[in-house]
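Remarks on the structure that follows.
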Amino acid sequence: MKIINLSQRSPEWLTWRAQGVTASEAAVILGRSPYQTPWRLWAEKTGLCQPADLSNNPFVQRGIQCEDNARRGFEERHQTWLLPVCAESETHPILRCSFDGLTETGEPVELKVPGQKTWDDVARHGQASLAYRLYWVQVQFQCCVAEAERGWLVFDPVKSKVNPLEFEILREADFIEQELVPACLRFAEMMASGQAPMPDPARDHFVPQGEQHIEWQRHAHAYRTAEAEVRRLESALKAVKGQLSEAQSSLVALMGEYLLADQDGVQVLRYRQRGSVDYPDLLAEIAPDLDAQVLEAHRRPSTTRVKVTLKDDPAAVEEGADAEQTVAVGEGNPPSRAKRRRRKEPEPAVDAVDATEGSSDEGDIIFGYF
């Protein structure tokens, strides 16, 4: 391998990483990551999309803060020293690593300081856990670049009286030579040529191009205009409903103990309505061991929901909130009324979960650049 004289997390280091394929990207490239797709990674590395900002993620911050302690702990347990360096493959310089540490014999050590959920999963399931399977690919990549016969994967909570979970990972030559390296080199060629990997419609973002982009802008402008009008009308409606409620309360107060009034074209009826049955609580009482599959057999058809968020709407910025409109549409079912709500904090992008979904879990697993 070729050592590269760079300080990790420096601007120069970020540029160097962006121009190559790194160990932390290997699982994504192979399609093994539930958090990011090959297309999304390609789009971020080619500048088509902006990467998610994880700098304020508490898991990321904790991982960075505790890395030195985790490194010292490994050194003490194994009576060695670890050198955090950046390096490129001698054979394929496009393959790059930022090692948490290399032992005196050149073995890579990948240090993770996971959140409690990830720690519990690794402690319970070991090599079958999601974190281990993702980082196993990363360590194989590191063994390839370092030309090492084995590496180490360490989950260290950096807590007193809690022993780290250490895994010795042997180099798997067939996997590296037949699957890992070819896939990473193909991905590097796609970066250079601008040819995108096949996107996943269920996980990747639609990015309109050419005429589609022009049409998208036209419809987006129409949506913003209509949304602003809806906001104005809703504000006026809210005021009128307030007047309606005040007048109703006054009429009811005038009626005293009477239940019915009909005067001047206004009829007021006071009545008592029975409360609804709490069916989940009822089922828990009469059938606590009910098989979930029985409930699924009686579930109504699912619906497709659409949520539109105006991220940079000037009116929303003034109010310190994004505007959302959610419309439910289902085949064979009438569409439900649009629901509108306000949020004080903007919602993370879909791919930060990438959605997925579970952004906190993503931060828990993928807490750094390594």
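Taken over region 150-167, the criterion of being under 14 Å from Asn69 (Cβ atoms), surrounded by fewer than 21 Cβ atoms within 10 Å (Cβ to Cβ) and either of a type outside the set (S, T, N, Q) or outside the structural domain of Ser129 (by TED's automatic domain parsing) (or both) is satisfied by Pro157, Val158, Lys159, Val162, Pro164.
Residue-level check: of (1) of a type in the set (Val, Ile, Thr); (2) in contact (Cβ under 8 Å) with a residue 60 or more places away in the chain; (3) in contact with a Gly (Cβ under 9 Å, 6 or more places away or on another chain), Val181 misses just (3). From the list Ala188, Ala183, the one residue that fits, being touching a Leu at 6+ places or on another chain (Cβ under 6 Å) and modelled with pLDDT of 95 or more, is Ala183. Quick one: in region 125-176, of everything that is in a strand (DSSP E or B) and β-branched (Val, Ile, Thr), which residue is farthest from the chain's Cα centre (by Cα)? Ranking the qualifying residues of region 125-176, first place goes to Ile169. Filtering region 193-222 to residues that are within 14 Å of Trp42 (Cβ to Cβ) and surrounded by 10 or more Cβ atoms within 10 Å (Cβ to Cβ) leaves Gln195, Ala196, Pro197, Pro199, Asp200, Arg203, Asp204, His205, Val207. In region 223-250, the residues that are in the same structural domain as Ala261 (by TED's automatic domain parsing) reach residues that are assigned to a helix (DSSP H, G or I) with C-beta atoms within less than 7 angstrom, at least six apart or across chains, in these pairs: Ala228/Ala315; Arg231/Ala315. Here region 43-61 is the region considered, the condition is being out of contact with any Phe, Trp or Tyr (no Cβ under 7 Å at 6 or more places or on another chain) and assigned to a helix (DSSP H, G or I), and the residue that is nearest to Gln209 (Cα to Cα) is Ala43. Taken as a whole, region 104-121 holds at least one residue that is part of a helix (DSSP H, G or I), crowded, with 17+ Cβ neighbours inside 10 Å, of a type outside the set (D, E, K, R) and touching a residue at least 24 places away in the same chain (Cβ under 8 Å).
The values are calculated or read from the model by the stated rules, or taken from the named source; none is laboratory data. Keep in mind it's a predicted model, so treat the numbers as computed, not measured. A quick note on method: Cβ atoms are made from the backbone with ideal geometry, for glycine too, and the neighbour counts reach across all protein chains shown.
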